[in-house]
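What follows is calculated from the coordinates using simple rules that are stated; it is not laboratory data. As the structure is a computational prediction, the values presented were derived from the model and not from experiment. Heads up, the Cβs are rebuilt from the backbone with ideal geometry, glycines too, and the neighbour counts pull from every protein chain shown.
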Amino acid sequence: MSEQKIHISTLPEFDMASHLNNEEEIAAYLTMVIEEGDVSELAYALGVAARARGMSEVAKAAGISREALYKALRPIAQPRFETINRVCAALGVRLVAKPMHDHDGDLMHHA
């Protein structure tokens, strides 16, 4: 039997935004999505986090219009890196690169 990939954006009725109450929770959520490696899922996740904070507030802090924010963060969007960084900063988080392997070359597992 083959495994079917489930996308976060297709799950019914669960509103992740209602569970993102602080910067640590937003960072953990975005990290999980980034590890999946799907840019459109990252755009969706940033939209969820922005809804948790308030779209108007995030748009203002990011220096873009509310309409442009909605457009950039829809599930099928592929926002520019600059937009992703600005939205992350408005959410109080930042993207961080971490090594995939430890100094012995072993794959590191995220806790």
Item to check | P(r) tail fraction, region 63-111 - alpha-carbon pairs more than 19 Å apart, % | outcome: 45
Checklist outcome for this item: Convex hull around the C-alpha positions of the chain: the volume in Å³ per residue is 134
Checklist outcome for this item: As straight-line cross-link partners of Lys71, the qualifying lysines (C-alpha separation under 18 Å, not fewer than 8 residues apart within one chain) are Lys60
Checklist entry - Each label point is 7 Å from the Cα along the Cα-to-Cβ direction; what then is the distance between the points at Lys5 and Ile34, in nm? => result 2.0
